[in-house]
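Every number here is computed from the coordinates shown, using simple stated rules; none is lab data. Note that this is a predicted model, so its numbers are computed, not measured. Neighbour counts run over all protein chains shown; Cβ positions are idealised from the backbone, glycine included.
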């Protein structure tokens, strides 16, 4: 899995690229929290939950179903997020869905239950350029931890920043014409 910071930053960066009248800062912040939320399932590691089950890490919280569920809750909370319900749904669902898709890019052992509730099969991409993140803080204070940070910077954060800048530039060019 990428770090919790990367899972939060990706929706923030992409939210920053959107027009403020469409994606409020409240909604962007909710997207950042939602993007990291699926990793709450790491608590299963403390309770000896059998690996590769739906309640284990990368289980049902790493699915399209979970993304849609949180998107629906966001649609209900749209007035507090200062957004239209459809926009709140789309932003939060996309933020949550970005999590398993990023996890599928890591060289971790298990895939994600992306298709839950229709299937409990774990899937991942064949191309996995991102190094899997250590779970403990101590794990980051190693040479491997630094390699993980550089891997995420190269394969996730810099491309997201480039995309966000391209979107903003495109909007400015379109506004000038």
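Things to note:
- Cα gyration tensor shape of the range 18-80, rounded if a/c is under 1.5, else prolate or oblate by comparing a/b with b/c: prolate
- The chain: radius of gyration and largest Cα-Cα distance (Dmax), Å: 16.8, 60
- Comparing 60, 146, 115 in a Gaussian network model of the chain, where Cα atoms under 10 Å apart are tied by springs, the biggest mean-square fluctuation is seen for 146.
- Degrees, to the nearest 10: 25-36 long Cα axis against longest axis of the chain: 20
- For the chain, modelled as a GNM whose springs connect Cα atoms under 10 angstrom apart, the maximal fluctuation among 131, 54, 43 occurs at 43.
- The length gained on full extension between residue 26 and residue 68, counted as 0.36 nm times the residue separation minus their Cα-Cα distance, comes to 13.2 nm.
- Taking the C-alpha atoms only, the angle from helix 158-176 to the longest principal axis of the chain is near 10 degrees.
- Euclidean distance of C-alpha centroids, the range 120-177 and the range 74-99, integer Å: 22
- Structure-based [θ]222 nm, the chain - -39500 (n - 2.57) summed over DSSP H runs of at least 4, per residue, nearest 500: -16500 deg cm²/dmol
- Efficiency of FRET between residue 5 and residue 120 - r from beta-carbon atoms, R0 25 angstrom, step 0.05: 0.30
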